[in-house]
Amino acid sequence: MADDILPFFLANRAVRSSGTLEVRDKFKGTVAARVALPDEAAVERAIAAAHDAQGAMRKLPADRRRSILRDCAREIERRREAFIRLLVIESGKPLKDARLEVERAVETFTVAASEAVSPEGRILDLAYAPRSRGTLGLVRRVPLGPASLITPFNFPLNLVAHKVAPAIAAGCPFLLKPSEKTPLTALLLGEILAATGLPPGAFSVLPLPGERSGPLVTDERIRLLSFTGGQTGWDLRVRAGRKKVLLELGGNAACIVDEDQGEKLPTILPKLVSGSFAQSGQSCISIQRILVHASLYEAVREGLVAAARRLRMGDPGEEATDLGPLIDTAAAERVRAWIEEAREGGARILCGDGGEGAFVPATVLEKVPRSSRVWREEVFGPVVVLESFTTFDQALAAVNDSDYGLQAGLFTDSLRHVEQAWEELEVGGVVIGNTPNFRVDAMPYGGVKRSGVGREGLRSAVEEMTEPRLLVLHDTEKT
């Protein structure tokens, strides 16, 4: 694969160029593929094509959009082994995580197919005053128009699916910019999209470095910017001008283990381990802070540390591997620096020896200062902080002691505590009986505070990508 130059997609067509982008195998460090790099002229042509395609996309019948999305789901399933192989290579994702991502992508396109034929509308009885007798209002949702979709490296297939599938369902032409670190699965999806019969110009897949993607943010012909990534999203929002902006910018998710969960610890602990260390912690809703009632703290600490030490770190292409490399050595060095900063501030490292290169072992910390970055910022690595509480109010306050608010998890049998958490936690979603990294792809997903604005999840994303249009009907005989 490294000897061939893979094309990008411009206005539904595979295109090659003189410039190339190297994509490395994240475990081996070798060049896995070379990808054609769009130049400024190609980006301009892609934007113009999306702008010209908006009428055809808007008129594409709902049943045809449903068929296209179903075809995508079937083709991803048919090519699942190729997608799995690319995920392992380009993101260092262990096989078990890669398989789950492909499965979720199939689900994402399947659910989006249903949303394509179930648009939400409203009927308004406007005859509530003498001047509006005989008046009826109808509201339908119409596509916003061309959309820029910018995705990160950690879920190179399913986070792409979460933007592409609702764009098709809503009837929006789109320009997809996958992470330059992990563009291979997005380009394989582009191959699938090119065979679906979407209107000419309906999509482009542009594997651009961030510094060359400015027009996708600033061009006024684009009506929507949907960005998933780091805090640079806020700057993009400022630069985006008058277009609508959706941002999913990460978090430092917390999970509470309440006082009444002692008998359930054998089932809770595996969820805490998976929630903390799956994907090597490179998930926006990975558990970063575990808050445990003081009566259960020792048992949770002992069980979590023992399980973390058993996790196997190594070649993501091997079945037994639990933890692959982080996306690059620089990311791993940052994580190690944050762990050391916490240790110097008084934190105790219960397990995890720092690792080497791009590898960071499963790391558990306690007695972490609230001022340290492993508490306050998004680690995006296999690191979790343990802290005890004595009252439920303390636990809720600790969760909210964050500039982020994406999702939170809560293990409790108390309905009162469920209601209190739902009322008081400053997050986009509260997950009861599971960890904050639980996500079903149809549910509304997004955060508050520094975690972003807007919601994804198929129905929510379709709503974000459309706008209401009102029709008012007057019965002239009654007015």
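Which residues in the stretch 202-224 place their backbone N less than 15 Å from a point set 7 Å from the Cα of I5 along the Cα-to-Cβ direction?
Taking a point 7 Å out along Cα→Cβ of I5, the residues of the stretch 202-224 whose backbone N falls under 15 Å are 207.
At 222 nm, what helix-only mean residue ellipticity would the chain give, in deg cm²/dmol to the nearest 500, using -39500 (n - 2.57) for each DSSP H run of four or more?
Details: 15 runs with 181 residues, N = 479.
One gets -11500 deg cm²/dmol as the mean residue ellipticity at 222 nm.
Roughly speaking, what is the stretch gain from K264 to R416, that is 0.36 nm per residue apart minus the C-alpha to C-alpha distance, in nm to one decimal? Could you put the intermediate results ahead of the total?
Values: separation 152, 0.36 × 152 = 54.72 nm, distance 1.89 nm.
This chain segment gains 52.8 nm when fully extended.
What number, in percent, do you get for the relative contact order of the chain if the mean sequence gap of Cα pairs under 8 Å and at least 6 apart is divided by its residue count? Walk me through the intermediate numbers first.
Numbers: 1113 pairs, mean separation 85.4, N = 479.
The value is 18 percent.
Quick one: compute a quarter of the convex hull surface over the Cα atoms of the stretch 254-440 and quote it in nm². Kindly include the intermediate steps, with their values, before the conclusion.
Details: hull surface 40.1 nm².
Computing the convex hull of the Cα atoms and averaging its projections yields 10.0 nm².
Mind ranking 400-406, 357-363, 233-239 by how tightly packed they are, going by the mean number of other C-beta atoms within 10 angstrom, highest first?
Working: 400-406: 20.1, 357-363: 21.9, 233-239: 15.1.
Highest mean packing first, the order is 357-363, 400-406, 233-239.
Below 16 Å, Cα to Cα, which lysines can K93 reach? Residues fewer than 8 away in the same chain don't count.
Leaving aside lysines fewer than 8 places away in the same chain, those within reach of K93 are K26, K28, K181.
Where does helix 297-310 land angle-wise versus the long Cα axis of the chain, in degrees 0 to 90, nearest 10?
It is inclined by approximately 80 degrees.
Test of the criteria: in the stretch 300-346, which GluC sites (Glu not before Pro) are in a DSSP loop and have at most 12 other Cβ atoms within 10 angstrom of their Cβ? Write out the running numbers ahead of the final one.
Working: sites: E302, E318, E319, E333, E340, E341, E344; in loops: E318, E319.
Answer by residue number: E319.
Any idea what the relative contact order of the stretch 254-440 is, in percent, if you count C-alpha pairs under 8 Å spaced at least 6 apart? Please list the in-between numbers first.
On the way: 363 pairs, mean separation 53.0, N = 187.
Value for the stretch 254-440: 28 percent.
Would you mind computing, in nm to one decimal, how far apart the modelled labels at K96 and R242 are, each placed 7 Å from Cα along Cα→Cβ?
5.2
Counting other Cβ atoms within 10 Å of each Cβ, which GluC sites (Glu not before Pro) in the stretch 18-68 have at most 12 and sit in a DSSP loop? The partial results should precede the final answer.
Numbers: sites: E22, E40, E44; in loops: none.
For GluC sites (Glu not before Pro) across the stretch 18-68 that sit outside H, G, I, E and B with at most 12 neighbouring Cβ atoms in 10 Å, the list is empty.
What nm value, rounded to one decimal, do you get for the distance between R370 and L126 when each label is placed 7 Å out toward the C-beta?
5.3
State the percent of C-alpha pairs, over all pairs in the chain, separated by a distance greater than 34 angstrom.
Numbers: 43178 of 114481 pairs.
For the chain, the share of Cα pairs beyond 34 Å comes to 38 percent.
Report the extension gain between E477 and E319 in nm, rounded to one decimal, defined as 0.36 nm multiplied by the number of residues separating them, less their alpha carbon distance. Could the numbers behind the result be given before it?
Working: separation 158, 0.36 × 158 = 56.88 nm, distance 7.41 nm.
Residue separation times 0.36 nm, minus the Cα-Cα distance, leaves 49.5 nm.
Provide the percentage of antiparallel DSSP beta bridges, counting only those with both residues in the chain; round to the nearest 5.
Values: 30 of 70 bridges.
In the chain, DSSP labels about 45 percent of beta bridges as antiparallel.
How much length is gained on full extension from T390 to R221, taking 0.36 nm per residue of separation minus their Cα-Cα distance? Before the final figure, lay out the partial values.
Values: separation 169, 0.36 × 169 = 60.84 nm, distance 5.48 nm.
The T390-R221 span can extend by a further 55.4 nm.
Compute the acute angle (0 to 90°) between the alpha-carbon long axis of helix 80-91 and the principal axis of greatest extent of the alpha-carbon atoms of the chain; round to the nearest 10°.
60
Taking neighbour counts of Cβ atoms within 10 Å as a proxy for exposure, in what order, fewest first, do E366, E248 appear? Write out the running numbers ahead of the final one.
Numbers: E366 17, E248 26.
In order of increasing Cβ crowding within 10 Å: E366, E248.
Based on the Cβ-Cβ distance of V139 and E356, what FRET efficiency does E = 1/(1 + (r/R0)^6) give at R0 = 56 Å, to the nearest 0.05?
Numbers: r = 58 Å, r/R0 = 1.04.
Calculated value: 0.45.
Against the longest principal axis of the chain, how steep is helix 62-78, in degrees 0 to 90 to the nearest 10, with axes from Cα atoms?
40
What percent does the relative contact order of the stretch 115-212 come to when contacts are Cα pairs within less than 8 Å and at least six residues apart?
Details: 133 pairs, mean separation 23.4, N = 98.
In percent, rounded to a whole number, it is 24.
Once you list every other residue whose beta carbon is under 14 Å from the beta carbon of D39, what net charge do they have if Lys and Arg are +1 and Asp and Glu are -1? Write out the running numbers ahead of the final one.
Values: positive: R16, R45, R212; negative: E40, E44, E211.
Cβ neighbours under 14 Å give a net charge of 0.
No lab work stands behind these numbers, since they all come straight from the coordinates. Just so we're clear, the structure is a prediction, and the values are computed from it rather than from any experiment. Positions of Cβ are backbone-derived with ideal geometry, glycine not excepted, and every protein chain shown enters the neighbour counts.
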